[in-house]
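Here is the structure we will look at.
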Amino acid sequence: MDAEQINALPVDGVGEPDGLQRLWNPHRMAYILGENKPTGPKAEDGCPFCRIPALGDDEAALIVARGSLVYAVLNLYPYNPGHLLVCPYRHIADYTELTDDEAAEFTAFTQDAMRAVRKASSPHGFNLGVNQGEVAGAGIAAHLHQHIVPRWSGDANFMPVVGRTRSMPVLLGETRALLAEAWPGVA
């Protein structure tokens, strides 16, 4: 069956067939319902950014690289393929709480993340950002993290705006392997 035939199939169920395809993303319900979100501001309140590095299996945890004070991990709910987070190991909420050494490694890891993504997938640009506080858009405000989001010309389309859905062409495990291999300093 080719794409034209698939598009012509009616949608079974209530109502008139609309000719639209459906892209189902049931895994997004975990994000929508707040699964894995901490219950409070302390590390022991279930902070995923404290839990992830302690899992012991970087591949399963989606950790791309580790430093002595920070680590880089794939975003479990990415905006685009290769969306990384740089997190300090220490449970702090505010950028101003970073020590000088943490801030230096945080910056270096952001640069290395950009280099790895460029090597692995040649994006046309990046969005970098730290959302400080829930009101500023931080999904997990209790633990500082920086977003490194690769961007490509034309990657923003109607799907996120109209369909509240992102289309991800690569699985997280495959993306993690590509970026870990492309991370600067890895032979």
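The values are calculated or read from the model by the stated rules, or taken from the named source; none is laboratory data. Owing to the predicted nature of the structure, the values given are computational and were not obtained by experimental measurement. We place every Cβ from the backbone using ideal geometry, glycine too, and count neighbours over all the protein chains shown. Only protein heavy atoms, including side chains, enter the accessible area calculation; ligands, DNA and RNA are left aside. Shrake-Rupley method; radii C 1.70, N 1.55, O 1.52, S 1.80 Å.
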Sites Glu181 and Asn127, calculated FRET efficiency, Cβ-Cβ separation with R0 25 Å, nearest 0.05: 0.60
The range 124-156 versus the range 63-78: alpha-carbon centroid distance in Å: 14 Å
Accessible surface of the range 104-152 [probe 1.4 Å, protein heavy atoms]: carbon and sulfur percent: 50 percent
Rounded accessible area of Thr96 (nearest 10 Å², 1.4 Å probe): 120 Å²
Residue-by-residue Karplus 3J(HN,Hα) for the range 53-62, coefficients 6.51, -1.76, 1.60, Hz, glycine and proline x: x, 8, 5, x, 10, 4, 5, 5, 7, 6
Under-5 Å amide H pairs with Ile92, H placed in peptide plane, nonlocal only: Leu144
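Trp152 to Ala136: extension gain in nm, 0.36 nm per residue of separation minus the Cα-Cα distance? Write down the numbers at each step before the final one.
On the way: separation 16, 0.36 × 16 = 5.76 nm, distance 2.47 nm.
Using 0.36 nm per residue and subtracting the Cα-Cα distance, I get 3.3 nm.
Just to verify a number: FRET efficiency for Arg90 and Asp57, C-beta to C-beta distance, R0 = 25 Å, to 0.05? If you can, show how the numbers build up before the last one.
On the way: r = 22 Å, r/R0 = 0.87.
The computed FRET efficiency comes out at 0.70.
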Debye log10 I(q)/I(0) for the range 76-132, one point scatterer per Cα, at q = 0.28 Å⁻¹: -1.26
